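Have a look at the structure below, then the notes.
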Amino acid sequence: MDNLVNKIKALKKEKNAIILAHYYQEEDIQDIADYVGDSLELSKKAAENDSDIIVFCGVHFMAETAKILNPTKKVILPDLDAGCSLAASCQPGDFKDFIEKHPDHIVVTYINCSAEIKALSNIVCTSSNALKIIESIPTEKPIIFAPDRNLGKYIINQTGRNMLLWDGVCIAHEAFSIEKLIKLLDYNPDAIVIAHPESESHILQIATYIGSTSGMIKYVKKSPYNKFIVATEAGILHKMSQEVPEAQLIPAPSTEDNSCACSECGFMKLNTLEKLYKCMLSESPEISIPEVVRKRALEPINRMLKFA
Ligand code: CIZ
């Protein structure tokens, strides 16, 4: 493995590349990355950097967002099949029909969607700014929110806004078992639950903190508690334990009987160190977006960035 790591480091230098890794990537990839973060933070890092190649270790919509924001740079993704159940649930033709049936609605889309869906939207949001963005929309304006129905329900609950929701879910966040979680809390009465808003409402109801990936890490850093049951993709525990080594972190249990008993995103885990090396060597697979779609998708992203 050391050999592979050294070869990746050498290619990075030779090709003036930057390696960006999402919190949900496997540990070896996070350890070799220049930056580890959420998808928007990573795309912004890429824009601030003078690299020629962005190696995005995450899923397809994230690499697309990096390309939308950095059109002159080559963006590559170790495995082109690294998709997202949320993005797949919302196809452009169906979404266009849905919007056309509700022409007076403001279309807000969560960043977990394809470039084509972003191009059909008025404003994009992430889980860290979704509440603020919805609250900024005049109350008389009806809203379509897509594609995550759990995040949508959470926003409705927090803001009181009545939004039309697209029926998409994240399979990794839907996999948590409430029965196992309650048992785990019984065994660990000194622990609190922190959860991502893509989780189902019964999970959110028992959470002490609800927030984005970056929000969860910040919360653990400043929290008065010391033991956390973490309800999001288990890859985040690596960064969290590096940032707060004294914290006791337990991944929230999934309904699956898998080896970690936690919830892992199979799409995220398609990227491996071996594939990372091969993609840097061949500079492929490369992300390409038709310019007309890229420009249309950039507008709602820029609205979100301006807002922030
Ligand atoms: O945008 C991201 O990185 C995702 C998918 C979640 C989050 O909360 O940061």
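Any read-out appearing in this document is the output of simple, stated calculations on the displayed coordinates, not a laboratory observation. Bear in mind that the values here come from a model prediction, so they are computed numbers and not experimental data. Cβ atoms come from the backbone with ideal geometry, glycine included; neighbour counts cover every protein chain shown.
Which of the aspartates and glutamates could be linked to K74 by a straight reach, that is with a Cα gap under 19 Å, when you skip same-chain ones fewer than 8 residues away?
The reachable aspartates and glutamates, counting only those whose Cα sits under 19 Å from K74, are E14, D34, E41, E48, D50, D52, E64, E283, E286, E291.
Quick one: Cα convex hull volume of segment 51-175, Å³ per residue? The partial results should precede the final answer.
Values: hull volume 14.7 nm³, N = 125.
Once divided by residue count, the hull of segment 51-175 is 117 Å³.
I want the antiparallel fraction of DSSP beta bridges within the chain, as a percent rounded to 5. Please report the intermediate quantities before stating the final value.
Details: 2 of 34 bridges.
The answer is about 5 percent antiparallel.
Determine Rg/Rh for segment 231-308; Rg is computed over alpha-carbon atoms and Rh is the Kirkwood hydrodynamic estimate from the same atoms. Walk me through the intermediate numbers first.
Numbers: Rg = 18.4 Å, Rh = 16.5 Å.
Taking Rg over the Kirkwood Rh, I get 1.11.
What's the exposure ranking of E283, E26, going from fewest to most Cβ atoms within 10 Å? Walk me through the numbers on the way to the answer.
On the way: E283 15, E26 18.
With the sparsest Cβ surroundings first, the list reads E283, E26.
Work out the FRET efficiency for Q158 and K101 from their Cβ-Cβ distance, taking R0 = 35 Å, and round it to the nearest 0.05. Spell out each step's value before the answer.
Details: r = 26 Å, r/R0 = 0.75.
FRET efficiency, Q158 to K101: 0.85.
Just how far, in whole angstrom, is segment 281-306 from segment 76-92 if you go by their alpha carbon centroids?
14 Å
Is there a pair in K96/K269; K183/K221; K45/K73; K118/K153 whose C-alpha atoms are over 24 Å apart, and which pairs would that be? Write out the running numbers ahead of the final one.
Details: K96/K269 31 Å; K183/K221 26 Å; K45/K73 13 Å; K118/K153 20 Å.
K96/K269; K183/K221, as the Cα separations exceed 24 Å there.
Stokes-Einstein diffusion coefficient for the chain at 25 °C in a medium of 0.890 mPa s, Rh from the Kirkwood formula over Cα pairs: what value in µm²/s? Intermediate values should be presented prior to the final figure.
Values: Rh = 19.9 Å.
Rounded to a whole number, D works out at 123 µm²/s.
Evaluate the Kirkwood expression for the hydrodynamic radius of segment 122-254, namely the inverse of the mean inverse distance over all pairs of different C-alpha atoms, and round to one decimal in Å. Walk me through the numbers on the way to the answer.
Working: mean 1/r = 0.0645 Å⁻¹.
Roughly 15.5 Å, rounded to one decimal.
Just name one of T159, A191, V169: the one whose Cα is farthest towards the positive end of the charge dipole of segment 147-200 (beta-carbon charges, Lys/Arg +1, Asp/Glu -1).
Highest projection toward the positive end goes to T159.
Given all pairs of different Cα atoms, what value in angstroms does the Kirkwood hydrodynamic radius of segment 183-246 take? Numbers along the way, then the final one.
Numbers: mean 1/r = 0.0839 Å⁻¹.
Taking the inverse mean of 1/r over all distinct Cα pairs, segment 183-246 comes out at 11.9 Å.
How long are the three semi-axes of the equivalent ellipsoid of segment 2-112, in whole Å, if each is the root of 5 times an eigenvalue of the C-alpha gyration tensor, listed from largest down? Mind showing how you got there, number by number?
Details: eigenvalues 201, 43, 25 Å².
For segment 2-112, the semi-axes come out at 32, 15, 11 Å.
Please check which bits of segment 212-240 a label hung off E246 would reach, taking the label as a point 7 Å along Cα-to-C-beta and the cut-off as backbone N under 19 Å.
217-229, 239-240
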